[in-house]
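The values are calculated or read from the model by the stated rules, or taken from the named source; none is laboratory data. What you see is a predicted model; the values in this text were computed from it and never measured. Neighbour counts run over all protein chains shown; Cβ positions are idealised from the backbone, glycine included.
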């Protein structure tokens with residue numbers, strides 16, 4: 001009777017616990033770095049979805065261990081999305097290689113590439129033979145009649161494959177929820193593209209502007225009307241080449257004082273590859289008249305150009321073959337490859353970005369302003385003060401590491417805080433409303449980059465069409481310029497902190513191979529022999545106990 005009562009009570013307790021848990025949903029993540037937890041901002045977006053989201057995952061098929069882990073992480077994240085969205089997220093896994101027929105498979109792959117999901121070759125071994133397989137590490141997200149392709153393999157390609165995939169895993173949540181948010185939002189943030197000073201036009205910045213329009217409401221704006229600027233969450237100033245008037249600088253200053261956010265991408269010296277064809281060409285400053293304004297806010301772009309031993313390649317004529325010029329790709333130190341970043345959501349886990357004729361940066365005293373360097377040159381750099389002789393003939397010069405004595409020079413800064421107006425204790429421009437003047441601003445953010453070409457895309461000379469931002473037409477490699485700039489704009493415009501999802505960390509805990517090799521025998525004994533010894537000892541002890549117990553009878 002007592003056992004039955006105990007069992008009944010236990011059953012009632014279990015039922016009560018289940019009823020309680022069903023009303024108060026919670027999940028517990030016991031991992032050290034909280035790899036299975038998603039950000040509160042992500043949960044908020046998922047909980048507020050008005051329609052169902054359909055996600056097709058194309059990373060499937062026969063995958064090696066690293067990509068199997070990547071696929072598992074994607075599906076685990078999407079499972080969390082499904083739970084927190086109250087089953088509004090629907091996931092299907094598709095292997096593009098299973099399409100029937102070569103033609104159907106080719107059309108399927110072309111369609112995925114058009115959506116931004118590029119194929120990746122994976123090299124592995126089967127039965128001792130080297131095997132190459134094509135995979136598509138991305139997803140297509142559909143919501144409200146619209147769809148968007150998302151490439152999820154985005155780690156630093158200079159790292160080993162395991163580390164690159166690990167970085168991609170850390171970015172899975174942000175890439176997925178950012179795409180969902182872009183499709184689901186009815187009121188996208190407004191971004192203004194400043195014009196009127198020779199900035200990059202619609203052709204030169206087509207790659208960047210295309211992606212901006214996918215996520216934001218993008219307009220061309222001038223700085224002549226202060227009231228209009230207040231309608232924009234952020235402004236982009238991309239490679240100005242002409243002077244800013246006093247009134248324009250004042251309006252820009254007051255926009256910042258009112259909490260406006262700006263990304264400055266400014267070329268300090270005038271240098272192009274067209275001008276580099278002349279041996280006697282020297283790069284002199286652009287007369288844009290922004291130095292004093294940036295100085296007041298705490299940053300300074302120096303009058304110099306950087307040469308870096310880690311640089312992009314450029315074709316050089318080295319002779320003739322069959323009456324035609326023979327080209328060879330050579331490093332062009334004026335095109336530094338940036339692969340050294342701050343540990344910040346804007347730059348975390350980025351692949352290299354390519355710059356062209358970039359200048360170094362310093363910070364100056366600005367009370368109450370936090371200054372964070374975002375981009376750095378490599379450990380083999382040299383700074384050339386203006387005027388700088390820029391000649392393509394230098395491409396033929398063999399450069400050695402010792403020719404680059406400097407290292408880790410900052411070329412971009414994030415400035416955060418309450419800025420002081422450039423016009424404090426100065427005469428205001430004629431005709432402005434002095435009653436509306438703000439000499440001290442509210443907290444805001446500015447990003448300053450010493451290169452305007454960071455946002456420039458090449459134009460195909462045969463078709464006249466712009467190429468993707470970051471694509472090197474000579475090597476066909478796509479650098480991470482787009483990802484860097486889109487992250488920067490997201491950081492400037494966001495209010496919900498969505499980009500903080502890029503701070504997620506997933507640690508790799510590899511075995512110590514030296515210890516494994518040195519202690520192989522010991523661990524084999526512990527794992528194989530010791531359990532058998534313990535089992536035999538248990539059997540002997542049990543037999544001895546039984547014999548001793550029953551001997552009394």
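Here are some notes:
- Between 140, 150, 122, the distinction of being touching a helix residue (DSSP H, G or I) at 6+ places or on another chain (Cβ under 9 Å), touching a residue at least 40 places away in the same chain (Cβ under 8 Å) and within 25 Å of residue 481 (Cβ to Cβ) belongs to 140 only.
- Residue list for region 184-212, restricted to those being touching a strand residue (DSSP E or B) at 6+ places or on another chain (Cβ under 9 Å) and assigned to a helix (DSSP H, G or I): 184, 206, 207, 208, 209, 210, 212
- Check on residue 414, in contact (Cβ under 8 Å) with a residue 40 or more places away in the chain, within 25 Å of residue 489 (Cβ to Cβ) and in a strand (DSSP E or B): yes
- Within region 269-311, tally of residues that are assigned to a loop (DSSP other than H, G, I, E, B) and under 19 Å from residue 415 (Cα atoms): 3
- When 223, 176 are screened for being crowded, with 22+ Cβ neighbours inside 10 Å, on the phi < 0 side of the Ramachandran plot and outside the structural domain of residue 42 (by TED's automatic domain parsing), only 223 passes.
- Screening residue 283 on (1) within 23 Å of residue 191 (Cβ to Cβ); (2) over 30 Å from the mean Cα position of the chain (by Cα) shows it passes everything except condition (1).
- Selection within region 337-385 - over 21 Å from residue 166 (Cβ atoms), assigned to a strand (DSSP E or B) and either in contact with a helix residue (DSSP H, G or I) (Cβ under 6 Å, 6 or more places away or on another chain) or without any contact (Cβ under 8 Å) to a residue 60 or more places away in the chain (or both): 370, 372, 373, 376
- Residue 488 fulfils the conditions (1) modelled with pLDDT of 90 or more; (2) more than 30 Å from residue 182 (Cβ to Cβ) except for a single criterion, (2).
- Checked against the criteria, residue 80 does not count as assigned to a loop (DSSP other than H, G, I, E, B), in contact (Cβ under 8 Å) with a residue 12 or more places away in the chain and surrounded by 12 or more Cβ atoms within 10 Å (Cβ to Cβ).
- Unique residue being farther than 18 Å from residue 407 by Cα, surrounded by 20 or more Cβ atoms within 10 Å (Cβ to Cβ) and within 29 Å of the chain's Cα centre (by Cα) when the list is 347, 355: 347
- Residue 451 being part of a loop (DSSP other than H, G, I, E, B), in contact (Cβ under 8 Å) with a residue 24 or more places away in the chain, surrounded by 15 or more Cβ atoms within 10 Å (Cβ to Cβ) and out of contact with any helix residue (DSSP H, G or I) (no Cβ under 7 Å at 6 or more places or on another chain): yes
- Residues of region 398-419 satisfying the condition of being over 19 Å from residue 334 (Cβ atoms), in contact with a strand residue (DSSP E or B) (Cβ under 6 Å, 6 or more places away or on another chain) and surrounded by 21 or more Cβ atoms within 10 Å (Cβ to Cβ): 413, 414, 415
- Qualifying residue in region 158-171 (condition: free of Cβ contacts under 8 Å to residues at least 40 places away in the same chain and either part of a strand (DSSP E or B) or surrounded by fewer than 18 Cβ atoms within 10 Å (Cβ to Cβ) (or both)): yes
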